[in-house]
1. Of everything in segment 377-407, what is modelled with pLDDT under 95 and not in a loop (DSSP other than H, G, I, E, B)? Give them in sequence order.
2. Could you list, in sequence order, all residues of segment 161-199 that are touching a strand residue (DSSP E or B) at 6+ places or on another chain (Cβ under 6 Å), under 20 Å from Phe101 (Cα atoms) and charged (D, E, K, R)?
3. Mind checking which strands (runs of 3 or more DSSP E) fall wholly inside segment 5-72 and carry at least 1 residues that are surrounded by 18 or more Cβ atoms within 10 Å (Cβ to Cβ)?
4. Can you find a residue that is hydrophobic (A, V, I, L, M, F, W, C), farther than 30 Å from Ser46 by Cα and in contact with a Gly (Cβ under 7 Å, 6 or more places away or on another chain) anywhere in segment 153-163?
5. Being over 25 Å from Gly41 (Cα atoms) and under 23 Å from the mean Cα position of the chain (by Cα) is the filter; apply it to segment 378-401 and report the residue that is surrounded by the fewest Cβ atoms within 10 Å (Cβ to Cβ).
6. Given the conditions (1) in contact with a His (Cβ under 7 Å, 6 or more places away or on another chain); (2) buried (at least 17 other Cβ atoms within 10 Å of the Cβ), which single one is not true for Arg374?
7. Could you tell me whether segment 211-230 includes any residue that is under 27 Å from Ala111 (Cα atoms), in contact with a Pro (Cβ under 9 Å, 6 or more places away or on another chain) and either of a type in the set (A, V, I, L, M, F, W, C) or modelled with pLDDT under 95 (or both)?
8. Can you name the condition, by its number, that Leu173 falls short on among (1) free of Cβ contacts under 8 Å to residues at least 40 places away in the same chain; (2) surrounded by fewer than 20 Cβ atoms within 10 Å (Cβ to Cβ); (3) touching a Leu at 6+ places or on another chain (Cβ under 8 Å)?
Amino acid sequence: MATNTYLEGNFAPVAEEATVTDLEVIGSLPPELTGRFLRTGPNPFSVDPNAYHWFVGDGMVHGVELNGGVANWYRNRWVRSPEASAHLGEEPIAVAAGGLFRGNGNTNVLAHAGRILAFEEMSCPYVLDRDLGTIEQTEFGGSLPVGTFAHPKIDTATNEMHILGYAWTDSLLRYNVIDANGAITHQSTVEMGASVMVHDMGMTERFILVMDLPVIFDLDLVSKGRRLPYRWDDSYNARIGLMPRAGQTPGPEGDVIWIDVDPCYVFHPVNAYDDGDNVVFDVVRYNSMFKFDSDGPGDGPSRLERWVLSPSTRSCEVTVIDDTSQEFPRINEQLTAARHRYAWSPQATIDLLGTSDELRGNALLKHDMQLGTRSELSLGAGRIGGEFVFVPADGASSEDDGWLLGYVADLSTQTSELLVVDAQSMREQARVKIPRRIPAGFHGNWVADSALR
């Protein structure tokens, strides 16, 4: 019988949707948290182990609603892609004209312009209601022929969403700006070196940071049935593009300033900001990706680095911040595109996301970029965590005044928790007990009631 790492342990999908109320809370939930913590991820309902890759599984959103110190409910719902609707015997929802394919919302979920949106690369986002039902797909009142990717950056001053899109069909990168009302206000393109995988981006007050890195589309992998047809290319010139943000005046050398970097791959930056003429770009870096195994998780550990990019000299100065393997970095996103001091990331490797035992459990890390120090919270033996999201306290007095929210699974009991951590002290504040296992997933966000229409 064929086996697949991404269908075993904590990667294994759950078979049913559930609604659970009267959730037990250990500790004290912050009463000001009124809304829901949402996270999406792959949860395939029909899959060939020989062809499956974690990145392409059918999207399922998991949510816990909090209100006044009480946990009202836990829900998990498949995003109603055409395939999911057919699997569940439901009438299909209205889909958008754009996107290279319909997608399934398995990569990121967030609120913008009063709506909850679930994203996957090369497709248009799905609109969800407060109870995680799927309403429709959206093109934001415009046209998104190749859809978008899943990692928009929100300008907290204007509530504009800046988001890129790419396609295996050409080497163009599409730059879109969505205004605070959810309408497209800017679209432009950038020529990349090839059809590369562009999973995320950086943003400063001046620039959109474009990552043109050596993971390229390979048509031969399509013919071999690979669901994720990208591979490492040793000959490809790795570079970062500094593209003027919409509304910014291009410099005298043209629209994009390209800066060569050492060959590597970055799924997720921490943040970027302008520092005088330079640009600071904090990233989780891999030496390579899909080089030895196009179906695998990578070719070695990651590390946290700071890249200082100089537009004038077109150079990149690299400093290793932490060589502990980690992923899914987050900041206080009120500081997106501005100088940040703190970043939080789980000690997340593929083996720690998928399996654990009584002798180990992964940790949640806090980085102080100003002091160059790190603190951590162990999640406990046999407990598996993923991305944690920072939620600022009302009237916060400092950058790290708030909480970290994330799901933790326990394979031994097949249960989970929503863990709430004091972001300053890195101490547990509350655990919401969930009598279901929440499989390893990707990204999510806190969606306050006040953020929705």
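The values are calculated or read from the model by the stated rules, or taken from the named source; none is laboratory data. Every value quoted in this text rests on a predicted model; they were computed, and no experiment measured them. Note: ideal-geometry Cβ built from the backbone for every residue, glycine included; neighbour counts use all protein chains shown.
1. Passing the criteria: Ser378, Arg383, Ile384, Gly385.
2. Matches in segment 161-199: Arg174 only.
3. Numbers: elements: 18-21, 25-27, 35-42, 59-67.
The qualifying strands (runs of 3 or more DSSP E) are 35-42, 59-67.
4. Step one: filter segment 153-163 for residues hydrophobic (A, V, I, L, M, F, W, C), giving 154, 157, 161, 163.
Then keep just the ones that are farther than 30 Å from Ser46 by Cα; that gives 154, 157, 161, 163.
From the residues that got through so far, the ones that are in contact with a Gly (Cβ under 7 Å, 6 or more places away or on another chain) too are none.
Among the residues of segment 153-163, not one is hydrophobic (A, V, I, L, M, F, W, C), farther than 30 Å from Ser46 by Cα and in contact with a Gly (Cβ under 7 Å, 6 or more places away or on another chain), which makes the answer no.
5. So in segment 378-401, the residues over 25 Å from Gly41 (Cα atoms) come out as 393-401.
So of that shortlist, the ones also under 23 Å from the mean Cα position of the chain (by Cα) come out as 393, 399-401.
Numbers: Ala393: 17, Glu399: 19, Asp400: 22, Asp401: 15.
Taking the candidates together, the pick is Asp401.
6. It fails just one condition, (2).
7. We begin by selecting, within segment 211-230, every residue under 27 Å from Ala111 (Cα atoms); these are 211.
With the extra rule that they be in contact with a Pro (Cβ under 9 Å, 6 or more places away or on another chain), the set shrinks to 211.
Subsequent filtering for residues that are either of a type in the set (A, V, I, L, M, F, W, C) or modelled with pLDDT under 95 (or both) retains 211.
Yes, because at least one residue in segment 211-230 is under 27 Å from Ala111 (Cα atoms), in contact with a Pro (Cβ under 9 Å, 6 or more places away or on another chain) and either of a type in the set (A, V, I, L, M, F, W, C) or modelled with pLDDT under 95 (or both).
8. Tallying (1) free of Cβ contacts under 8 Å to residues at least 40 places away in the same chain; (2) surrounded by fewer than 20 Cβ atoms within 10 Å (Cβ to Cβ); (3) touching a Leu at 6+ places or on another chain (Cβ under 8 Å), Leu173 fails exactly one: (2).
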